[in-house]
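Just so you know, all these numbers are worked out from the coordinates, no wet-lab data involved. The structure displayed is predicted, hence computed values, not measured ones. Neighbour counts are summed over all protein chains in view; Cβ atoms, including those assigned to glycine, are modelled from backbone coordinates with ideal geometry.
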């Protein structure tokens, strides 16, 4: 009996150790998001928006910190969009450009229009090049940003970062409970609390970040509000599960 209990305890501690390792990875990802990726994204967007038009008629080198408009020749286009409810895993919007001093090659887009769908092989199209990459294409009165153009979307990066950190806290606590109380981790199990709390974290982090993006709320407000939302919703959920467990514990005792 004792050996069986020790084996059960060891099996229960295994998931706890895995949760703690996952929590460390999530915490590292969240810290990297806030310390490296988010500042770099904000800085790149600011530098792009403040970049001046390049002087002179020709580029000084393959990578310029100014905006230069050059004319490309369209070699090929790919507008592969699946309609209806089909999965969008293989959607591709691309144009292959050539004929300019720099920036030639395959350019990706996030949507088929308004410029990409107009292009045919052999067409001439103007492109804005910055730091060696095509930022947008211009044809007649239409413009379309490429996938390489920096975007003013730091709210989503902040949302990803705070979500990773909240998941790290959640996983760390569940893992610690599994290690300390391997035989009776309730209510800190996936069925009782893990599933609900994970959903709360995802909605509070990513859902609020997307809402902040749409409302143009400064990215600095994303993390504090996400944490407050997660705590405000999680506290009554935990209290409810504890109350539901109390009668069963009383009957077992």
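Just a few scattered comments:
- On Cα atoms only, tilt of 154-180 relative to the major axis of the chain in degrees: 20
- Taking the number of Cβ atoms within 10 Å of each Cβ as an exposure proxy, the fewest-first ranking of 241, 68 is 241, 68.
- Label-point separation in nm, residue 152 to residue 239, each point 7 Å along Cα→Cβ: 4.1
- Gain on full extension, evaluated as 0.36 nm per residue between residue 32 and residue 189 minus their Cα-Cα distance, stands at 53.7 nm.
- Taking every C-alpha pair closer than 8 Å and separated by at least 6 residues, the mean separation divided by the residue count of region 68-145 gives a relative contact order of 33 percent.
- Placing a pseudo-label 7 Å from each Cα along the Cα-to-Cβ vector at residue 91 and residue 120 gives an inter-label distance of 2.6 nm.
- Nearest-ten-degree value, helix 38-49 long axis tilted from longest Cα axis of the chain: 20
- Convex hull per residue volume in Å³, alpha carbons only, for the chain: 189
- Within the chain, percent of DSSP bridges classed antiparallel, to nearest 5: 95
- The chain, relative contact order [Cα under 8 Å, separation at least 6], %: 22
- Relative contact order (%) - region 119-253, alpha-carbon pairs under 8 angstrom, separation at least six: 23
- Modelled spin-label separation between residue 141 and residue 45, with each label point placed 7 Å from Cα along the Cα-to-Cβ direction: 2.9 nm.
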